[in-house]
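Have a look at the structure below before the remarks.
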Amino acid sequence: MLVVEKNGLIRWGSIAGIAGAITFLTLWGMAIIVDGHWIFGIETLSELGGDRPGRLFFNSAAIIMGVATLLFASALYRRMRRTLLEKVSTLTFALSSILLVGVGLFPIDTGAAHTFFSWSFFIVVIASLTLMFFPCQRNMGLRSMGTIALTGVLVIAYVTMTLVALDIIELAMSEALIVIALNVWEITNGFLILFDQERQVIPCVST
């Protein structure tokens, strides 16, 4: 009974992660279309949530994604809690999802509150995935699909942040690429969980 309940929670958490990421990307696209003037890589995503035509779509996207990712994080925790590092990384990932909800609840025109949630989200989520990489590659190796997807997110995050620091690209471009990579990672690992219920090392499963 406990095994069935655990598997059910993991399954629904992974489905929530997939649905949340797809919903976010869809609503983000709708916000861009309704806005009509937002420029990819020049304006930050948060600017869509200010006093602009598509604000309802974007702010709703952040809130929905945050709630869905919290459920997804609970699935990750149930699969990755054998070591302290696994527990810390998944709990930190859960914290980042709560911060993402704050991004939607406190749009860019709220000032300091939005700045806090926005910066905190990116710092915490990148830190959580960085911590998650070590148990991931140790358990499944560098060639597993889960490890490759996670590596892709981290490479994009650190490379683009370095380019921003060197004033080669805009912060908005780095932010957009990281967000896209995060959503692709969540969708990928959501499906990996669904297809690999018996293993205990998500998001680092082999296929």
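Yes or no, residue by residue, for (1) in contact with a strand residue (DSSP E or B) (Cβ under 7 Å, 6 or more places away or on another chain); (2) farther than 29 Å from GLU170 by Cα; (3) modelled with pLDDT of 95 or more:
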{"site": "LEU2", "(1), (2), (3)": "no, yes, no"}
{"site": "ALA19", "(1), (2), (3)": "no, yes, yes"}
{"site": "LEU48", "(1), (2), (3)": "no, no, yes"}
{"site": "THR92", "(1), (2), (3)": "no, no, yes"}
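Do you know which residues across the range 80-101 are part of a helix (DSSP H, G or I) and more than 18 Å from ASN183 (Cα to Cα)?
Across the range 80-101, the qualifying residues are LEU84, LEU85, GLU86, LYS87, VAL88, LEU91.
If you go through the range 135-142 one residue at a time, do you hit one that is at pLDDT 90 or above, open to solvent by less than 40 Å² (accessible area, probe 1.4 Å) and among the hydrophobic types (A, V, I, L, M, F, W, C)?
No: zero hits.
If you go through the range 26-76 one residue at a time, how many are in contact with a helix residue (DSSP H, G or I) (Cβ under 7 Å, 6 or more places away or on another chain), open to solvent by 60 Å² or more (accessible area, probe 1.4 Å), within 18 Å of ILE178 (Cβ to Cβ) and of a type in the set (A, V, I, L, M)?
Residues flagged as in contact with a helix residue (DSSP H, G or I) (Cβ under 7 Å, 6 or more places away or on another chain), open to solvent by 60 Å² or more (accessible area, probe 1.4 Å), within 18 Å of ILE178 (Cβ to Cβ) and of a type in the set (A, V, I, L, M) within the range 26-76 amount to 1.
For the range 13-45, give me each residue that is part of a loop (DSSP other than H, G, I, E, B), more than 17 Å from the chain's Cα centre (by Cα) and not aromatic (Phe, Trp, Tyr).
Within the range 13-45, GLY36, HIS37, ILE39, GLY41, ILE42, GLU43 meet the criteria.
Looking for something closer than 27 Å to PHE134 by Cα, without any contact (Cβ under 8 Å) to a residue 60 or more places away in the chain and open to solvent by 70 Å² or more (accessible area, probe 1.4 Å) - is there at least one such residue anywhere in the range 93-105?
yes
The values are calculated or read from the model by the stated rules, or taken from the named source; none is laboratory data. For clarity, every value in this text was computed on a predicted model and none was experimentally measured. Because the Cβ atoms are built from the backbone with ideal geometry, glycine has one as well, and the counts that use them run over all protein chains shown. What goes into the accessible areas is simple: the full protein's heavy atoms, side chains included, and nothing from ligands, DNA or RNA. Shrake-Rupley method; radii C 1.70, N 1.55, O 1.52, S 1.80 Å.
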